[in-house]
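What follows is a short report on a single structure.
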Amino acid sequence: MAEEEADHRGGLRVNAVHLKLGALAGVVKEALLSSYELACEGTGLQGSRLVIDEIPVVVNCPRCLGPRTVDSIQWFVCPECKGPVSEVIQGRELQVFALEIEE
């Protein structure tokens with residue numbers, strides 16, 4: 001996707017890809033970082049870096065009636081009232097949100 005955008009803008013060089021990675025995305029940050037360079041070899045992204053913005057899990061607490069950041073992705077309880085929560089507001093992201101390009 002990043003390479004397509006660079007080509008669309010006239011073949012500009014991509015210096016960095018910025019990614020939002022939620023704690024529930026099912027992707028291990030370290031594995032993604034270690035495989036990025038290898039995946040970019042021989043492409044328009046070769047030599048670019050991957051910048052990961054880690055997104056915590058935020059849920060809506062039905063008791064407190066507000067968004068709360070959970071302490072652990074293994075225990076979905078409100079950190080304030082300790083009640084169970086099930087509505088995830090954020091934390092599933094796996095999204096490219098910015099590119100650093102060289103004109």
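Run the accessible area of the chain with a 1.4 Å probe and give the carbon-and-sulfur part as a rounded percent.
Roughly 50 percent of what the probe reaches on the chain is carbon or sulfur.
So for each of 7-13, 48-54 I average, over its residues, the number of other beta carbons within 10 Å; can you give me the resulting order with the highest mean first?
With the highest mean Cβ count within 10 Å placed first, the list reads 48-54, 7-13.
If amide hydrogens are placed 1.01 Å from N in the peptide plane, which non-local residues have theirs closer than 5 Å to the one on ARG49?
Under 5 Å from the amide H of ARG49 lie the amide H atoms of ALA16, VAL17, each far enough along the sequence or on another chain.
Relative to 2.2 N^0.38 Å, what does the C-alpha radius of gyration of the stretch 2-102 come to as a ratio? Two decimals please.
1.39
Taking 0.36 nm per residue of sequence separation and subtracting the Cα-Cα distance, how much length would be gained by fully extending the chain between CYS64 and HIS18, in nm to one decimal?
Full extension of this stretch gives 13.2 nm more.
For the charge dipole of the stretch 2-102, defined by +1 on Lys and Arg C-beta atoms and -1 on Asp and Glu C-beta atoms about the Cα centroid, which residue among GLY42, ALA6, LEU32 has the Cα displaced farthest towards the positive pole?
LEU32
So, for the chain, what is the accessible surface per residue at a probe of 1.4 Å, expressed in square angstrom?
Averaged over the residues of the chain, the accessible area is 65 Å².
Got the relative contact order for the chain handy, in percent, Cα pairs under 8 Å and 6 or more residues apart?
Reported relative contact order: 38 percent.
Between ILE73 and ASP7, what's the calculated FRET efficiency when r is the beta-carbon distance and R0 is 41 Å? Round to 0.05.
E between ILE73 and ASP7, to the nearest 0.05, is 0.65.
The values are calculated or read from the model by the stated rules, or taken from the named source; none is laboratory data. Keep in mind it's a predicted model, so treat the numbers as computed, not measured. Cβ coordinates were reconstructed from backbone atoms using ideal geometry, including for glycine residues, and neighbour counts include every protein chain displayed. Heads up: the accessible areas ignore ligands, DNA and RNA and are worked out on the full protein's heavy atoms, side chains in. Shrake-Rupley method; radii C 1.70, N 1.55, O 1.52, S 1.80 Å.
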